[in-house]
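See below for the structure under consideration.
Every read-out reported here was derived from the displayed coordinates using simple, explicitly stated rules and does not represent laboratory data. What you are looking at is a predicted structure, and each value in this text was computed from that prediction instead of being measured. For neighbour counting, all protein chains shown are included, and Cβ atoms are generated from backbone atoms with ideal geometry for every residue, glycine included.
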Amino acid sequence: MHRLIRNCETVAILDEDCRDLPGGWIETRGGVIEAFGPAGSEPEGPFEETIDATGLVVTPGLVNTHHHFFQTLTRATPAAANAELFQWLVTHYPIWARIDRDAMSAAATVALGEMMLSGCTLSSDHHYLFSKNLTDPIDAAIESANALGVRFTATRGSMTLSEKDGGLPPDSVVQDEKTVLEDSARTIEQYHDTSEGAMIQVALAPCSPFTVTQDLMRETSKMARAYKVRMHTHLAETLDEDEYCLAHFKVRPLQYLEDVEWLGSDAWLAHGVHFNPDEQKKLGACRCGIAHCPSSNMRLASGIARTLDYRANGIPLGLGVDGSASNDASSLSAEARQALLLGRIQYGASALTVEEVLRWATRGGAEILGRPEVGRIAKGLRADLAFFPLDDIAFSGAVDPLAAIVLCGPARVRKLMVEGRWVIEDGRLLHIDLGRTLEAHRAASKRIVNG
């Protein structure tokens, strides 16, 4: 499809020399951005489709770098509503052990759909929960992503240390290391696509220092580098984790990560709240990325990540909604707003701009997921675009349309394009029956919560 998108309220370029293009246009052909420009310079065509984007702010598709889709089934769980991370996990593990394939499919579809409605065109999911009831959750999530038409980085997570081994989870949700490694290889070989514009990619993602062994971390890094896939884990989320690593390994979390041969530009870390200045320099030197999850960090009182210090030290930074039981939402536009507001508490109102946060939500996330062909509006990159309307009551009176989608948000899209194909039009997910999906999701939630 050769398409012209014209009369945009503004087109978010977000480069140092070009913030945005009021009244701008974008030309796409197939799955690729062919050209873009300011108002009055539109090409003549002919085009197979011309879209009048009057009143719509057009941005690169947003990129989510950390999530746990299955947790959409346990939002606002009363027993964990006021808990910090370790107690929050211990409360949820027995409930999550009851998740089955049908529940997982509904959870993945709801999580992805909610993110898409917030402007997300590429998401990762950190799935580490396997049980007798749920043996193929990665396959279920990939099926949901394919059905919705969204890009997806599936991370094959793992937990191998149960309570009896000094870990946090019960026996019912851990696996042995042989099973983990065999299924990790299967998942990569079956699903990882290295082609330009790939819709599905795979990464390997042991859960955390307190749920897997050092041997598994090392074997995972060997496998990931042999297959040339990326690696992901939680790290430095809470001070409790610092204490755990010092007690069990005699080192801080980042030194633990280095000891198990994980530091590198092919890894990204969820949260990264508690890195000291020397650790920040080490991360920046090797270009190891961080998925900043401000809502979850506030919800669980984990702390405030020093985002601008991280960027000053050269650390790649993206945004993550984290699990919907610790957020409790899957809106990346809401996460961008939280990142802005929390960052200003840390650094001051003039130190962190809307443009910088939108860069984290787009090109920053694309960088740490290893997807340089998305996350920006530029000639030759993939046609992943989000179209935000400004006709809602929340935006009435907004003077700067680009700033409005962050400051007045959370915003939802009118239209969403992935690989040059419409996946949302008129604010509606095109490829699923949302009402039926929500009915199945709510029933699954009640089933697993009530036992």
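Overview of results
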{"read-out": "Cβ-based exposure ranking for Ile405, Ile315, in which fewest neighbours within 10 Å come first", "value": "Ile315, Ile405"}
{"read-out": "Likely footprinting exposure, Cys288, Cys408, fewest C-beta neighbours within 10 Å first", "value": "Cys408, Cys288"}
{"read-out": "Amide hydrogen neighbours beyond the local backbone of Ile51, cut-off 5 Å, H modeled", "value": "Leu4, Ile5, Arg6"}
{"read-out": "In degrees, nearest ten, helix 277-286 long axis to first principal axis of the chain (Cα)", "value": "70"}
{"read-out": "Prolate/oblate/rounded label for region 62-368 (Cα gyration tensor, a/c 1.5)", "value": "rounded"}
{"read-out": "For Asp20, residues with placed amide H under 5 Å, excluding near neighbours", "value": "Ile13, Leu14"}
{"read-out": "26 Å Cα-Cα threshold exceeded, pairs from Lys178/Lys446; Lys178/Lys228; Lys222/Lys250; Lys228/Lys415; Lys228/Lys282; Lys132/Lys446", "value": "Lys178/Lys446; Lys228/Lys415"}
{"read-out": "Per-residue HN-Hα couplings for region 149-159 [Karplus 6.51, -1.76, 1.60; θ = phi - 60°; Hz; x = Gly/Pro]", "value": "x, 10, 6, 8, 9, 8, 9, 7, x, 6, 9"}
{"read-out": "0 to 90° range, to nearest 10: angle between helix 214-227 axis and the chain longest Cα axis", "value": "40"}
{"read-out": "Computed over the chain: relative contact order in percent, which uses C-alpha pairs under 8 Å that are six or more apart", "value": "21"}
{"read-out": "Residue-by-residue Karplus 3J(HN,Hα) for region 70-80, coefficients 6.51, -1.76, 1.60, Hz, glycine and proline x", "value": "4, 6, 4, 6, 10, 5, 6, 5, x, 5, 10"}
{"read-out": "Calculated [θ] (222 nm, deg cm²/dmol) that DSSP helices of n ≥ 4 give over the chain, each run adding -39,500 (n - 2.57)", "value": "-10500 deg cm²/dmol"}
{"read-out": "Angle in degrees between helix 101-117 and the longest Cα principal axis of the chain, rounded to the nearest 10", "value": "40"}
